[in-house]
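Single-structure report; data block below.
The values are calculated or read from the model by the stated rules, or taken from the named source; none is laboratory data. Just so it is clear, the model here is predicted, and its values are computed rather than measured. Cβ atoms come from the backbone with ideal geometry, glycine included; neighbour counts cover every protein chain shown.
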Amino acid sequence: MVKQKTYKSEALAAIHETISDMYAAGVTGKQTMRRFDESCLTPVHEFTTEETEHIVSDLGLYDDLTPEECQIMTKERLKGERLSDTVIQQRNEGR
């Protein structure tokens, strides 16, 4: 999923797009690009664990998981792995 950038204003959007093109061309560096990201882009909301669990619960995203699949996903999360890769693989293999 590609996230759409949201800017603080139209003027900052134009400036950011220009600097992004310059970065892509190698004219400016990563540090400059990061400064412009912070200055021009709206901040991204960081969800807490409780907020995430509330959203998942309200939407019923994992209602069809078996208890075993829930345990696998919990173990993956604790190990810092991408969630549900093992569950998806097992489902694709027809387990």
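Quick check on my filter: what residues within segment 1-41 are free of Cβ contacts under 8 Å to residues at least 12 places away in the same chain and under 19 Å from the mean Cα position of the chain (by Cα)? Listed by number, the residues that qualify are 1, 2, 3, 4, 34, 38.
In segment 25-35, is there at least one residue being of a type in the set (A, V, I, L, M), exposed (fewer than 13 other Cβ atoms within 10 Å of the Cβ), modelled with pLDDT of 90 or more and assigned to a helix (DSSP H, G or I)?
Of segment 25-35, the ones of a type in the set (A, V, I, L, M) are 25, 27, 33.
Of the ones still in play, those that are also exposed (fewer than 13 other Cβ atoms within 10 Å of the Cβ) are 25, 27.
From the residues that got through so far, the ones that are modelled with pLDDT of 90 or more too are 25, 27.
From what is left, the residues that are assigned to a helix (DSSP H, G or I) are none.
Within segment 25-35, none of the residues are of a type in the set (A, V, I, L, M), exposed (fewer than 13 other Cβ atoms within 10 Å of the Cβ), modelled with pLDDT of 90 or more and assigned to a helix (DSSP H, G or I).
Tallying residues that are out of contact with any His (no Cβ under 7 Å at 6 or more places or on another chain), surrounded by 15 or more Cβ atoms within 10 Å (Cβ to Cβ) and not in a helix (DSSP H, G or I) within segment 4-24 yields 0.
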